1. Restricting the search to region 303-324, which residues are touching a helix residue (DSSP H, G or I) at 6+ places or on another chain (Cβ under 7 Å) and part of a loop (DSSP other than H, G, I, E, B)?
2. Specify which of the listed residues (327, 331) is touching a helix residue (DSSP H, G or I) at 6+ places or on another chain (Cβ under 9 Å), in the same structural domain as residue 432 (by TED's automatic domain parsing) and under 30 Å from residue 289 (Cα atoms).
3. Hey, among the residues in region 164-183 that are touching a strand residue (DSSP E or B) at 6+ places or on another chain (Cβ under 7 Å) and assigned to a loop (DSSP other than H, G, I, E, B), which one's surrounded by the fewest Cβ atoms within 10 Å (Cβ to Cβ)?
4. Can you go through 407, 430 and tell me which one is surrounded by 14 or more Cβ atoms within 10 Å (Cβ to Cβ) and closer than 25 Å to residue 302 by Cα?
5. Looking at this structure, is residue 198 surrounded by 20 or more Cβ atoms within 10 Å (Cβ to Cβ) and assigned to a helix (DSSP H, G or I)?
6. Which members of region 115-128 meet the condition of being part of a helix (DSSP H, G or I) and surrounded by fewer than 18 Cβ atoms within 10 Å (Cβ to Cβ)?
7. Under 30 Å from residue 429 (Cα atoms) and touching a helix residue (DSSP H, G or I) at 6+ places or on another chain (Cβ under 8 Å): is that true of residue 107 in this structure?
8. Taking the condition surrounded by fewer than 16 Cβ atoms within 10 Å (Cβ to Cβ), modelled with pLDDT under 90 and not in a helix (DSSP H, G or I), does residue 380 pass?
């Protein structure tokens, strides 16, 4: 789904060129389709002699930039001020008042308000808008991250700045009329970005399994972009993987499914043979592996996996950083495993724009008439009607009237247009070619029926019974060598059930009705109980009865303790009391700046640790 502006200026580069071949400095009030990921747009601005604010969609981009080093091992951007966790508005005020030649700030949309508040507090807001060059990087996120109001706020704030730019390798051409004032540039290359093989499959699971089990011959590590933790967990179990990385959002429901494989961030040098990523890791980081095999997986029957090819899809397969004259940095192969609706009908992006903008304007006007009627009749507006119109609009904070929000409307337009690509394999192929890729299409007709029948021939109950029979403590007349070999094989093929056999009682296993998901949940609870004992040993080393601590301090220290103990939980300050560890009462605590902060005073400890007196 790629549209094109009629007034767009094309620029052709070599595939290995960076953006500084096209621009010595990034232009003002412009929109740049940079053509491919990793072309050096933010790098160019961070090296340009002017004040800049870079808005990036995710924190990992900030981490990547502040940790970047040059060929001498020195920080690439030593003066870059990163606004992330722990940075206060007073810190930003101090930075803005520093006597340095060119200030460089990087921030996510969620923390952008801090810069504005800081500038207002020290009365330089007009200077900020006139003197700072604002970059909205990875601008497609405004319409793909539809659950983040801050993305819309960042786009709106863009127009307050005198000098600004929108840049993305996978852009969307926004409907907002103010965008007509921008100059448009599109970077193209003298050859395809890469080749992608589209695998049209009857069974997504069977095709993924073929890669995981080696049936599909590949080289290098596998990097699989698949936006479903449930499907990833099932793929791991079906392929009987013993070790892999799963990079997904750090949520409890995700950890329940893949806790033993979870990794918060991809790290160079720590890749496994198989690495999975959900959309939280489709962009904003650099993959630096040796000739990796990169795979995107989409399934029309599972909507959350069906990411837009021209934005999230291109971002995902573009993670590998390729260096000129270094063939080992090129992917061995790129695949897109998918199915389609087999429907030869296609509605264009422009058709969706006309449709949604018409509906949005109609709903807005109808709601405002309804609001007038409510005021006339002294009635409160119906909450359902208000929530409905907010899909496309913003509401005036004082009088409540709805105003069309083009960015929210564009989110619906983009989602529908991307979804249309999956009507037929031909449209999927066209979407990749429009994004600059050479394509090939393969058919994969294998199903999982026989494989699943073979793997599920024995029930969970039968497998647990086998563990009991083969347990050395329960053996009777079996040949020892044969029994050991059989047990080793069973442990290797059923590691989760072996762990259950070792850790859970028969009563606990019976309570699960022999359902794998329930058994996994019990194992996590058991792990957490063991970890909680470690937590209890660490708590008194950090928190003392009679002392007062800010909530921020408690939360940070608790999370550190949880991490050390392997306790799978996100910390909050309230857990000191809610977990029955301590009795506390709310209080005020002065921070380092002498300001009063909300906190807790610890009144008493509610647990006792049994100290061993045994001497070894």
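The values are calculated or read from the model by the stated rules, or taken from the named source; none is laboratory data. Remember, predicted model here, so these are calculated numbers, not experimental data. Cβ atoms come from the backbone with ideal geometry, glycine included; neighbour counts cover every protein chain shown.
1. 306, 307, 308, 321, 322, 323
2. On inspection, the qualifying residue turns out to be 331.
3. 182
4. 430
5. No; evaluated as a whole, the condition is false for this residue.
6. Selection gives 116, 117, 120, 121, 125, 126, 127.
7. no
8. no
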